[in-house]
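Q: What follows is a single structure, and I will ask about it in a moment.
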Amino acid sequence: MMDYSAIMDEAPPGIDFEETKRILAELEREDVRYVLIGAMAMAAQGLVRATHDLDFFVSPEPENVERLKKAFKSLFDNDPNIDEISSEDLGGDYPAVEYTPPHGRYSVDILSRLGEAFSYSDIESEVLTTAEGTQISVATPRMLYRMKRDTVRPQDRLDAEVIKEEFKLEED
């Protein structure tokens with residue numbers, strides 16, 4: 001298994017899995033259609049490393065985006081910046097929104113499409129249950145590997161190798 005300790009020692013303050021579970025529990029309560037991706041999805045799959053953000057794909061349908069906004073308003077004291085998240089943006093030419101809660105400790109990247117490579121409907125996911133009983137929708141290890149293996153970011157390539165090794169994945 002890859003040793004992430006050096007990377008974790010240098011990482012800036014960010015989001016931890018407890019805060020992630022709190023956010024995902026609220027998304028579940030509001031019935032938001034989402035799939036957790038990125039480092040926190042890796043953590044949910046058992047591969048923990050530090051991160052400064054939370055990443056997930058959402059269905060860009062207007063009703064779903066409204067449920068997402070309701071969940072965020074509940075979590076983040078009715079922050080008026082939440083109203084800037086729109087289904088028009090998520091369904092449009094630039095289908096990604098970065099939201100930073102008022103405390104500023106981390107950001108949340110909300111995507112409905114990643115270029116031409118992936119869209120919400122393309123993301124292979126599975127439902128995992130936390131110790132608290134919250135069901136969370138998480139990208140499968142194979143999907144995380146596919147999303148990370150061909151990027152230019154060195155951390156993503158390292159993540160892809162760890163995922164491939166830990167889950168004994170074959171090339172597609």
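The values are calculated or read from the model by the stated rules, or taken from the named source; none is laboratory data. Computed from a predicted model, the values in this text were never measured in an experiment. Note: ideal-geometry Cβ built from the backbone for every residue, glycine included; neighbour counts use all protein chains shown.
Q: Can we say Leu36 is modelled with pLDDT of 90 or more, part of a helix (DSSP H, G or I), touching a Ser or Thr at 6+ places or on another chain (Cβ under 9 Å) and within 16 Å of Ala139 (Cβ to Cβ)?
A: So Leu36 does not fit the description; no.
Q: Additional query: Among the residues of the stretch 50-60, which ones are of a type outside the set (A, V, I, L, M, F, W, C), in a loop (DSSP other than H, G, I, E, B) and either loosely packed, with under 15 Cβ neighbours inside 10 Å or out of contact with any Leu (no Cβ under 9 Å at 6 or more places or on another chain) (or both)?
A: Thr51, His52
Q: Taking the criterion of being in contact with a Phe, Trp or Tyr (Cβ under 9 Å, 6 or more places away or on another chain), modelled with pLDDT of 95 or more, surrounded by 12 or more Cβ atoms within 10 Å (Cβ to Cβ) and in a helix (DSSP H, G or I), would at least one residue in the stretch 126-142 satisfy it?
A: Yes - at least one qualifying residue is present in the stretch 126-142.
Q: Turning to a different aspect of this structure: Somewhere in the stretch 149-157, is a residue among the hydrophobic types (A, V, I, L, M, F, W, C), without any contact (Cβ under 8 Å) to a residue 40 or more places away in the chain and over 28 Å from Glu28 (Cβ atoms)?
A: Within the stretch 149-157, one or more residues are among the hydrophobic types (A, V, I, L, M, F, W, C), without any contact (Cβ under 8 Å) to a residue 40 or more places away in the chain and over 28 Å from Glu28 (Cβ atoms).
Q: Take the residues in the stretch 83-99 that are touching a residue at least 12 places away in the same chain (Cβ under 8 Å) and either in contact with a Leu (Cβ under 9 Å, 6 or more places away or on another chain) or in a loop (DSSP other than H, G, I, E, B) (or both); name whichever of them is surrounded by the most Cβ atoms within 10 Å (Cβ to Cβ).
A: Leu90
Q: So Val65 ticks every box in (1) assigned to a helix (DSSP H, G or I); (2) within 20 Å of Asp16 (Cα to Cα); (3) in contact with a strand residue (DSSP E or B) (Cβ under 9 Å, 6 or more places away or on another chain) but one. Which box is left unticked?
A: It is condition (2) that Val65 fails.
Q: Go through Ala43, Ala6, Ala25, Ala71 for me and flag whichever is buried (at least 17 other Cβ atoms within 10 Å of the Cβ), at pLDDT below 95, small (Gly, Ala, Ser) and part of a helix (DSSP H, G or I).
A: On inspection, the qualifying residue turns out to be Ala43.
Conditions (1) farther than 17 Å from Ser59 by Cβ; (2) free of Cβ contacts under 8 Å to residues at least 12 places away in the same chain; (3) among the β-branched types (Val, Ile, Thr), marked per residue:
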{"position": "Arg105", "(1), (2), (3)": "yes, no, no"}
{"position": "Asp122", "(1), (2), (3)": "no, yes, no"}
{"position": "Thr134", "(1), (2), (3)": "yes, no, yes"}
{"position": "Pro141", "(1), (2), (3)": "yes, no, no"}
{"position": "Leu144", "(1), (2), (3)": "yes, no, no"}
{"position": "Met147", "(1), (2), (3)": "yes, no, no"}
{"position": "Ala160", "(1), (2), (3)": "yes, no, no"}
